[in-house]
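Undergrad: My structure is below; once you've seen it, I'll send some questions.
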Amino acid sequence: GKNSSRKGMRTKSSEKPASDDHSVPVARDEVRESCPPLGLETLKITDFQLHASTSKRYGLGAHRGRLNIQAGINENDFYDGAWCAGRNDLHQWIEVDARRLTKFTGVITQGRNSLWLSDWVASYKVMVSNDSHTWVTVKNGSGDMIFEGNREKEIPVLNELPVPMVARYIRINPQSWFDNGSICMRMEILGCPLPDPNNYYHRRNEMTTTDALDFKHHNYKEMRQLMKVVNEMCPNITRIYNIGKSHQGLKLYAVEISDHPGEHEVGEPEFHYIAGAHGNEVLGRELTLLLMQFLCQEYLARNPRIVHLVEETRIHILPSLNPDGYEKAYEGGSELGGWSLGRWTHDGIDINNNFPDLNTLLWEAEDRQNLQRKVPNHYIAIPEWFLSENATVAVETRAVIAWMEKIPFVLGGNLQGGELVVAYPYDMVRSLWKTQEHSPTPDDHVFRWLAYSYASTHRLMTDARRRVCHTEDFQKEDGTVNGASWHTVAGSLNDFSYLHTNCFELSIYVGCDKYPHESELPEEWENNRESLIVFMEQQVHRGIKGMVRDVHGKGIPNAVISVEGVNHDIRTASDGDYWRLLNPGEYVVTAKAEGFTSSTKNCMVGYDMGATRCDFTLSKTNLARIREIMEKFGKQPVSLPARRLKLRGRKRRQRG
């Protein structure tokens, strides 16, 4: 069998039923249909549908033989990285029960995911059956066909069947394997389920969507064209702009959705979704493109919920932060890119942990309490070394930092893939030499709520019956996790955003399959649609908001908003407006600004929808007033300590 892409090609082929090994297929000239994956990687195929002749242990059972499944760090008894046969001989097999008649067209295989071992199947036979007892082997002329498998353990290899086979079961029978290894494999099966109107089980479980959206994978040009279409449909509420360029010169396009696009409205919070920091995590990119279409369509239809969201929030959507990486992944396709093709930028940088490590600066300052505090608990400055041209910083990272410094974001979500969980900061452990440790922020309760607001409205994230994607079971925290307690990351976008800006940022892992097949997009949209909207609504509905003004009614920029008992402050935007995300409760809030006397209020956050208004008016300090008057008349205020020193010096000279 040859390794080839799954694009439709002109070929003489026929369909062959498994029930009659002696039937002669009738060749006809047709465009060969490219069938989608059955869903081993996406977990649509359940563990109960996978069977094997033998297995080394439970963690290497048939249920682990899924394309791109990842082993745990310890590769333990429960979560290993492949199906591995209990013996190395020609009688071993792994099979899939499709539970209905299916036209099988191809097989994709991988070796074992392991840091320590090298195991893969080098060649195999394919068999099909209707009853799991009588098997028909795929033939090549008069003999059994031997398909060429893998030559290493991570790159997927596709083999198309010479003739599509119609059956319920399909079995892979390894014929040779890596000399120094064992029979181990991960796989995906390509097949088209045949219509079965009498089967209630399948009709009940089929997912459909009523949204008329463009459900396909979009390369860079198609993404830009789709943005243009949305902008032309909704010119009054959308604006296309770019925040910079990638290493290869591709513009990093964003779409703004607001009732006054192009301007920050006083009192209106700013929100963003970022996707595609890892170029091969494609589902987030497509979900954001679907979201912008959906918001436009629903606004035109005057859906009151969407109209309110658009009019009360300035939404920014950046679908592809790493377009260079995406183009690599797109060339490989949804099944053949493996786990990491296109993950990094063109110059090999992982954007997700390419931001400055501000956590260490903060924690070291907190640990040295006897010294004068030089590091604030917010708006921590970026270290000088990071700003130098020689620093290993991606141009995409610098573009995002400039974007976040320019726009006063309140809340943001970066969509990632390969898991099904919402991770909240801190992402970095506080203890040295630990790789996992719960590291909460001062706003831990707020972050937990924000994470839960997405997870609880997702169709699968909090479903206790669902199978884990790879090795982690996040059900004990209802589909959410503190980033550092999962795995430590220094310089993450979430931590940087929290410590350098006002923005509360979370990582939303939207699916087990980083790059699902096009046919899966409608279902993935249904899984995530409500969550994407609910998460945006949180900044409108939770916390306090308001203005900080001087006695003349002018907004004070850069004023500090402190909440008693929460060791993390935020600042007002250039017009003096602010948003502070808080859970329901009563808070003592203080506003202070340089040159002004501080003001403190009690602010109540209720359970009703909508943020609580909490405005402040600050008066200038006496010293600030004196300076203002002196500057007005061209004189400088006298520094009293300096004046005393002068007088003492004059007296000494007079005595001498």
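The values are calculated or read from the model by the stated rules, or taken from the named source; none is laboratory data. Nothing here was measured: the structure is a model prediction, and the numbers come from that model. In this analysis, Cβ positions are derived from the backbone assuming ideal geometry, glycine residues included, and neighbour counts consider all displayed protein chains. Accessible surface is based on the protein model in full, side chains and every heavy atom, while ligands, DNA and RNA are left aside. Shrake-Rupley method; radii C 1.70, N 1.55, O 1.52, S 1.80 Å.
Undergrad: Rounded to the nearest 500, what is the 222 nm mean residue ellipticity of the chain from helices alone, with -39500 (n - 2.57) per DSSP H run of 4+ residues and division by all residues?
TA: Per the formula, -7000 deg cm²/dmol.
Undergrad: Still on this model: Check residue 489: other-chain or 5+ apart residues with amide H under 5 Å from its amide H, H built from backbone geometry?
TA: Residues meeting the criterion, in which the H sits 1.01 Å from N, are 428, 429.
Undergrad: Enumerate cysteines in the chain without a disulfide-compatible partner, where compatibility requires another Cys Cβ under 4.7 angstrom.
TA: So, 503.
Undergrad: Hey, another quick one. Given a 1.4 angstrom probe, I'd like the percentage of the accessible area of the stretch 47-193 that is carbon and sulfur, rounded to a whole number.
TA: Summing carbon and sulfur atoms, their accessible area is 52 percent of the total for the stretch 47-193.
Undergrad: Can you tell me the orientation of helix 395-406 relative to the chain, as the angle in degrees between its alpha-carbon axis and the longest Cα principal axis, to the nearest 10?
TA: Computed tilt is about 40 degrees.
Undergrad: Keeping all protein chains in place and using 1.4 angstrom, which order do 55, 246 fall into by accessible surface area, from largest down?
TA: Heavy-atom accessible area, descending, gives 55, 246.
Undergrad: I would also like to ask the following. On alpha-carbon atoms, Rg over Rh for the stretch 544-633 using Kirkwood Rh?
TA: 1.04
Undergrad: Ranked highest first by average number of other Cβ atoms within 10 Å, how do 35-42, 340-347 line up?
TA: 35-42, 340-347
Undergrad: Oh, and also: How many nm is it between the label spots at residue 388 and residue 650, if each spot is 7 Å from the Cα in line with the beta carbon?
TA: Here the modelled spin labels are 5.0 nm apart.
Undergrad: Based on the Cβ-Cβ distance from residue 331 to residue 302, what FRET efficiency comes out when R0 is 35 Å, to the nearest 0.05?
TA: Rounded to the nearest 0.05, the efficiency is 0.25.
Undergrad: Of all accessible surface on the stretch 544-633 at a 1.4 Å probe, what whole percent is carbon and sulfur?
TA: 49 percent
Undergrad: If r is the Cβ-Cβ distance from residue 431 to residue 368 and R0 is 22 Å, what FRET efficiency results, to the nearest 0.05?
TA: The value I calculate is 0.85.
Undergrad: Hull surface divided by four, with the convex hull built on the Cα atoms of the stretch 47-193: how many nm²?
TA: 8.1 nm²
Undergrad: Of all the accessible heavy-atom surface of the stretch 376-528, with the other protein chains kept in place and a 1.4 Å probe, what percent is carbon and sulfur?
TA: Carbon with sulfur: 54 percent of the solvent-accessible area.
Undergrad: Right, next: Scan the stretch 533-637 for chymotrypsin sites (Phe, Trp or Tyr not before Pro) in coil per DSSP, keeping those whose Cβ has at most 14 other Cβ atoms within 10 Å, and list them by number.
TA: 607, 633
Undergrad: Rolling a 1.4 angstrom probe over the protein chains, ignoring ligands and nucleic acids, what is the accessible area of residue 504 in square angstrom, nearest 10?
TA: 0 Å²
Undergrad: So what is the accessible area of the stretch 47-193 per residue, in Å², with the probe set to 1.4 Å?
TA: 38 Å²
Undergrad: Based on the Cβ-Cβ distance from residue 266 to residue 405, what FRET efficiency comes out when R0 is 22 Å, to the nearest 0.05?
TA: With a Förster radius of 22 Å, E is 0.70.
Undergrad: Still on this model: What is the extension gain from residue 597 to residue 212, computed as 0.36 nm multiplied by their sequence separation minus the C-alpha to C-alpha distance, in nm to one decimal?
TA: That pair, residue 597 and residue 212, stretches by 133.0 nm at full extension.
Undergrad: Using a 1.4 angstrom probe, figure out how much accessible area the stretch 544-633 has per residue, in square angstrom, rounded to the nearest whole.
TA: With the other protein chains kept in place, the stretch 544-633 gives 55 Å² per residue.
Undergrad: Where does the chain land on Rg(C-alpha)/(2.2 N^0.38 Å)?
TA: So the chain has a normalised radius of gyration of 1.15.
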